[in-house]
Amino acid sequence: MKKLVLIIHILILGLAIGLNAQNINQGVYLSANDFTSGKISYINENGNEKYKFYLHEFLNASTIKIIKGDKIIKLKKDSIYGFRDKNNNSYRFYKNDEFKIINHSSNIILYSKSTLEGDLKNKHLVLIYYFSATADSPVYELTKWNLKSVFINDVPFQKLLDVHFQSDNELSAYNSQSKTYDLNHIYDISKK
C-alpha cells in the first residue's frame with residue numbers, strides 16, 4: 001500500500017512538472033531573427049504565475065493579448081513574427097493570418113493552414129500548404145508555379161522540381177526515414 005501511495009505521488013509530481021514546462025514554452029517571436037534563433041518573449045518564466053494567451057482568432061482581430069501575472073500585454077499581429085503555443089508548435093503571422101510552421105530549420109520554410117470548404121451542408125476542413133523562401137520573406141501557397149516564381153533565378157532547382165514532382169499535392173510529402181520534406185531534400189540537392 002505504501003508503494004502504491006509513493007508511486008501516485010511521483011506520478012502527480014511528474015504531471016505537475018510537465019504542465020509547468022508546457023507553460024514555459026509558450027510565448028512570442030518578436031521578429032524573424034527571434035524565430036530562427038529560438039528566442040521567445042513574454043514567457044511564463046517561473047511557471048506558477050497567472051498566464052493566459054489569447055489569439056482572438058474567432059473575431060480575426062489584429063491583436064493578441066497575453067495576461068502575465070497582473071500585467072496585460074497587447075501586441076499587434078503585424079508587429080510581431082509569430083508565437084509558440086503550449087504544445088511547442090510554432091506559428092507565423094502574415095497579413096493578419098496565422099500559419100503553422102511545419103519545418104523550422106530547412107531552407108524553404110513550410111507552413112500549413114486548415115480552412116473550411118464546401119457548401120452549408122457539406123463543410124469540411126482542408127489542409128493547405130504554404131512556403132516562404134526565408135523566415136522573413138512573403139508566404140505563398142505551395143505550388144510549383146509559385147516555387148518557380150520565387151526561385152526564378154535558380155535553374156537547377158526548377159529543373160529538379162519538374163523531375164521529382166508531377167503535381168502540387170506531392171510538394172508537401174514528408175520522408176519519415178530521412179526525417180525531412182522531399183521539397184527541402186530536392187532543394188539541397190540542387191545546391192550541390
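We did not get these values from a lab; they are worked out from the coordinates using the rules stated. Please read all numbers here as calculations on a predicted model, not as lab measurements. Cβ coordinates were reconstructed from backbone atoms using ideal geometry, including for glycine residues, and neighbour counts include every protein chain displayed.
Laid out as a table, the results:
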{"quantity": "Proxy reagent accessibility, fewest Cβ within 10 Å first, across HIS164, HIS104", "calculated": "HIS104, HIS164"}
{"quantity": "Computed over the range 48-117, Cα set: Rg, Dmax in Å", "calculated": "13.4, 41"}
{"quantity": "At q = 0.14, 0.22, 0.25 Å⁻¹, base-10 log of I(q)/I(0) for the range 102-192 (Debye sum, equal scatterers on each alpha carbon)", "calculated": "-0.52, -1.14, -1.41"}
{"quantity": "Positive-end residue of ILE109, TYR91, GLY69, charge dipole of the range 41-154 with Cβ unit charges", "calculated": "GLY69"}
{"quantity": "Sequence-separation-based contact order of the range 102-192, relative, with Cα cut under 8 Å and 6+ spacing, percent", "calculated": "20"}
{"quantity": "Listed residue pairs exceeding 32 Å between alpha carbons, taken from LYS86/LYS121; LYS148/LYS179; LYS74/LYS121; LYS95/LYS121; LYS113/LYS179; LYS52/LYS191", "calculated": "LYS86/LYS121; LYS74/LYS121; LYS52/LYS191"}
{"quantity": "The range 74-102 versus the range 107-162: alpha-carbon centroid distance in Å", "calculated": "17"}
{"quantity": "Segments 148-161, 165-178 sorted - mean Cβ within 10 Å per residue, highest first", "calculated": "148-161, 165-178"}
